[in-house]
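Worksheet for the structure shown next.
The values are calculated or read from the model by the stated rules, or taken from the named source; none is laboratory data. Note that the structure is predicted; figures quoted are calculated from it, not measured. In this analysis, Cβ positions are derived from the backbone assuming ideal geometry, glycine residues included, and neighbour counts consider all displayed protein chains.
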Amino acid sequence: MNGNSRNCSWHGTTILAVRRGGRVAVAGDGQVTLGQTVIKGTARKVRRLSPGGHEVVCGFAGSTADAFTLLERLEKKLEAAPGQIARACVELAKDWRTDKYLQKLEAMLIVTDGRELLVVTGVGDVLEPEHDIAAIGSGGMFALAAARGLMETDLDAEAIARKAMAIAADICVYTNDSVIVEII
């Protein structure tokens, strides 16, 4: 890391989505850091959107301002394609990859409507994760590993997400235990 605050923005969150039993739990921690300094511990990085009456839950990692820009754009794409989150996410990814302004944004999104579960990146990827689990952010791989192990239990989606986030918070210094969970 070069100390540039723009690069430091990548360190500061963990977002995890778990699909089980017809429900998806999207969890995000509340820690915001700039470099090695905790700026805030109770940020809300999981949002519920309702464009055109279709409920969607999004979690974001990366620069907060960049993520909000992407959420606004995603909401417009969802309004243009109601009930079609894959199409909306692909359109967002295309714009993100080709628009000179958007190309500079540093964030990732997890998007779900309860049926589809997608990860959207700034390099044009729209990924449907395997094993009904998606994770992004600095503690994402810790949460992903924990959730994969917990999928072998009888826990529901929310319980798996909460336990996996607690494990990630114990390991990743950029993740805290102030977790928000949205269920869809």
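Here are a few things to note about the model shown:
- Candidates R87, R73 - the one that is charged (D, E, K, R), surrounded by fewer than 20 Cβ atoms within 10 Å (Cβ to Cβ), at pLDDT 85 or above and under 20 Å from A134 (Cα atoms): R87
- In the stretch 160-177, the qualifying residues are those that are surrounded by fewer than 18 Cβ atoms within 10 Å (Cβ to Cβ) and of a type in the set (A, V, I, L, M), and the one that is nearest to D113 (Cα to Cα) is A166.
- Within the stretch 116-130, tally of residues that are farther than 16 Å from E91 by Cβ and surrounded by 15 or more Cβ atoms within 10 Å (Cβ to Cβ): 2
For (1) over 10 Å from the mean Cα position of the chain (by Cα); (2) at pLDDT 95 or above, each residue gets a yes or a no:
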site	(1), (2)
M1	yes, no
C8	yes, no
I15	no, yes
V18	yes, yes
R23	yes, yes
R47	no, no
P51	yes, no
V57	no, yes
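- Of the residues contained in the stretch 159-167, one or more are found to be out of contact with any helix residue (DSSP H, G or I) (no Cβ under 9 Å at 6 or more places or on another chain), within 14 Å of A27 (Cα to Cα), part of a helix (DSSP H, G or I) and not acidic (D, E).
- Scanning the stretch 98-115 for residues that are loosely packed, with under 15 Cβ neighbours inside 10 Å and assigned to a helix (DSSP H, G or I) returns T98, Q103, K104.
- Applying a threshold of 7 Å to beta carbon distances and a minimum spacing of six or more residues, or different chains, the list of pairs starting in the stretch 40-61 at a residue that is closer than 18 Å to I136 by Cα and ending at one that is in a strand (DSSP E or B) and aromatic (F, W, Y) reads K45/F60.
- Filter result (among the acidic types (D, E), under 17 Å from M165 (Cβ atoms) and out of contact with any Leu (no Cβ under 8 Å at 6 or more places or on another chain)) within the stretch 95-144: none
- Hey, A157 in contact (Cβ under 8 Å) with a residue 24 or more places away in the chain, surrounded by 20 or more Cβ atoms within 10 Å (Cβ to Cβ) and in contact with a Leu (Cβ under 7 Å, 6 or more places away or on another chain) or not: no
- A143 being closer than 20 Å to K45 by Cα, touching a residue at least 24 places away in the same chain (Cβ under 8 Å), part of a helix (DSSP H, G or I) and not charged (D, E, K, R): yes
- Residue check, V38 under 27 Å from A166 (Cβ atoms), under 14 Å from the mean Cα position of the chain (by Cα), in a strand (DSSP E or B) and not small (G, A, S): no
- Screening I184, I133, I180 for residues that are surrounded by fewer than 19 Cβ atoms within 10 Å (Cβ to Cβ), in contact (Cβ under 8 Å) with a residue 60 or more places away in the chain, closer than 20 Å to V18 by Cα and within 13 Å of the chain's Cα centre (by Cα) leaves exactly one candidate, I180.
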